[in-house]
Amino acid sequence: MEYNQLGKSEIIVSQVGFGVHPLGPSRRNLSPEDGAALMCYAYEKGIRFFDTAQFYHTYHYLRLALEKMRESEAFEELPVISSKSLACTYEEMQEAIEEALEETGLPYIDIFLLHQATPGYEEEREGALRALIEAKEQGKVHAIGISTHHQDQVRNAVAHPEFDVVFALYNYAGLGIRDGENAGTAEGMRDAIRCCRDAGLGVYTMKVFGGGNLTSDYQQAAAHVFVECKELIPSAMVGFTSVQEVDELLSLLDGTMESSYQPAIDEKKLQVDREDCMGCGTCVQICASGAMHYSKVDGLAEIDYDRCVGCNYCAIACPERAIVLW
């Protein structure tokens, strides 16, 4: 496992990070014990960077995992923890930071971000950013910044001297990347990340496999981020849900994976991530089989599996990367 510094910060992270979101209630809903055990396994394999969020409801996994890590012979130091909040106001962000500290049992959070920064967030969430700056001054968090799917917002981050890090969506196919109101590109996001790097901002990325939609191109997707872009991207998060998935990626990175290897995806199916879906209707319009429709419960996209033919066109077209293969 390689370890890299995030920009001008003093934070050192493993090249592979562990996105904790899939362990929680909106995805696999693993028991706290099983989720913590998987995180400890990843830690013992050298993965020392974990990402979560207030919205994921996964702090209890982290708290238990940290307790187990301290008992492990492999324990050397606390892993780096990144969290984020959708808070808009000063008071809401203050509460989000205190919640993270209380529920994880940590004296500070290494990285805390404005979650899902979209165009116009500076004005809409000015109070939340002010709370982050104050929390950093108080030592409650050590680095602040944004998480975003937007290449324009990654590029604009260099205009914010208070930012230390940026957490950006990136994969070789450009799935889910936005540029203002339009679709972005992998090349455009790389250029934006490069701007941040040159300005001293630390950048780490998410959605290596495009929300599971690039699993059929597993080796290409992983090698692009972790090998081809390693000089540009010091760390990338992967949403592990099993020991096998951890071992798969590490075998690719250490060169022991067979060139013909392909993870099994037969049991996976497309699902709408209701945390990301905006109900825009793009998937409904593009679905030729009539499988995509609006839910009568919440008005968001929904899949009729009796009609779905698994073409993935909806996932590719979705501007918010809300349709994932899980």
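Residue-level check: of (1) farther than 28 Å from Val227 by Cβ; (2) open to solvent by 20 Å² or more (accessible area, probe 1.4 Å), Tyr41 misses just (1). Gln271 satisfies every condition listed in (1) within 17 Å of Asn213 (Cα to Cα); (2) assigned to a loop (DSSP other than H, G, I, E, B); (3) open to solvent by 50 Å² or more (accessible area, probe 1.4 Å) except (2). Here Ala236 meets each of (1) touching a helix residue (DSSP H, G or I) at 6+ places or on another chain (Cβ under 8 Å); (2) not in a strand (DSSP E or B) with one exception, condition (2). Taking every residue in the range 41-63 that is of a type in the set (Lys, Arg) and pairing it with any residue that is assigned to a loop (DSSP other than H, G, I, E, B) and open to solvent by 10 Å² or more (accessible area, probe 1.4 Å), at least 6 positions away or on another chain, the pairs with Cβ-Cβ distances below 6 Å are Arg63/Gly105. Do you know which of the residues in the range 9-42 that are among the small types (Gly, Ala, Ser), part of a loop (DSSP other than H, G, I, E, B) and out of contact with any strand residue (DSSP E or B) (no Cβ under 6 Å at 6 or more places or on another chain) is farthest from Leu232 (Cα to Cα)? The residue in question is Ser31. Take the residues in the range 218-265 that are surrounded by 13 or more Cβ atoms within 10 Å (Cβ to Cβ) and of a type in the set (Gly, Ala, Ser), then tell me which one is nearest to Ser14 (Cα to Cα). Going through the qualifying residues, I end up with Ser235. Looking across the range 44-74, the residues that are open to solvent by 20 Å² or more (accessible area, probe 1.4 Å) and not charged (D, E, K, R) come down to Gln54, Phe55, Tyr56, His57, His60, Leu64, Ser72, Ala74. The number of residues in the range 296-309 that are in a loop (DSSP other than H, G, I, E, B) and either β-branched (Val, Ile, Thr) or surrounded by fewer than 14 Cβ atoms within 10 Å (Cβ to Cβ) (or both) comes to 9.
Kindly evaluate Gly180 against the criterion of being more than 27 Å from Lys268 (Cα to Cα), modelled with pLDDT of 95 or more and not charged (D, E, K, R). In short, no. Residue pairs whose Cβ atoms lie under 7 Å apart, separated by 6 or more positions or on different chains, with the first residue in the range 135-151 and farther than 30 Å from Leu175 by Cα and at pLDDT 95 or above and the second buried (at least 22 other Cβ atoms within 10 Å of the Cβ) and of a type in the set (Gly, Ala, Ser), are Val141/Ala135.
Could we say that His21 is within 15 Å of the chain's Cα centre (by Cα) and either small (Gly, Ala, Ser) or within 28 Å of Arg321 (Cα to Cα) (or both) here? So His21 passes the test.
Do you know which of the residues in the range 131-185 that are among the basic types (Lys, Arg) and either in a loop (DSSP other than H, G, I, E, B) or open to solvent by less than 60 Å² (accessible area, probe 1.4 Å) (or both) is nearest to Ala53 (Cα to Cα)? Applying the filter and picking the extreme gives Lys140. Please determine, by comparing only the residues of the range 191-206 that are surrounded by 18 or more Cβ atoms within 10 Å (Cβ to Cβ) and within 18 Å of Ala173 (Cα to Cα), which one is nearest to the chain's Cα centre (by Cα). Only one residue tops the list, namely Met206.
Return yes when Ser14 is polar (S, T, N, Q) and open to solvent by less than 40 Å² (accessible area, probe 1.4 Å) and no when it is not. Considered against the rule, which asks whether it is polar (S, T, N, Q) and open to solvent by less than 40 Å² (accessible area, probe 1.4 Å), Ser14 comes out as yes.
Name every residue in the range 194-217 that is over 19 Å from Glu10 (Cα atoms) and at pLDDT 95 or above, in order of residue number.
Hits for the range 194-217 are Arg194, Cys195, Met206, Val208.
Selection of the range 102-130 for residues being open to solvent by 20 Å² or more (accessible area, probe 1.4 Å) and part of a helix (DSSP H, G or I) yields Glu102, Glu103, Glu122, Glu123, Glu124, Glu126, Leu129, Arg130.
Conditions (1) modelled with pLDDT of 95 or more; (2) out of contact with any Gly (no Cβ under 6 Å at 6 or more places or on another chain); (3) part of a loop (DSSP other than H, G, I, E, B); (4) among the polar types (S, T, N, Q), marked per residue:
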| site | (1), (2), (3), (4) |
| --- | --- |
| Glu231 | yes, yes, yes, no |
| Thr241 | no, yes, yes, yes |
| Leu249 | yes, yes, no, no |
| Glu258 | no, yes, yes, no |
| Asp266 | no, yes, yes, no |
| Cys277 | no, yes, yes, no |
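Cβ-Cβ contacts under 7 Å between residues 6 or more apart (or on different chains), taken from a first residue in the range 19-38 that is within 13 Å of Val243 (Cα to Cα) to a second residue that is aromatic (Phe, Trp, Tyr) and at pLDDT 90 or above, are listed as Leu23/Tyr61; Gly35/Tyr61; Ala36/Tyr61; Leu38/Phe240.
The values are calculated or read from the model by the stated rules, or taken from the named source; none is laboratory data. Small disclaimer: the values here were computed from a predicted structure and weren't measured. For neighbour counting, all protein chains shown are included, and Cβ atoms are generated from backbone atoms with ideal geometry for every residue, glycine included. Ligands, DNA and RNA are stripped out before the accessible areas are found, and what is left, the full protein with its side chains, is counted by its heavy atoms. Shrake-Rupley method; radii C 1.70, N 1.55, O 1.52, S 1.80 Å.
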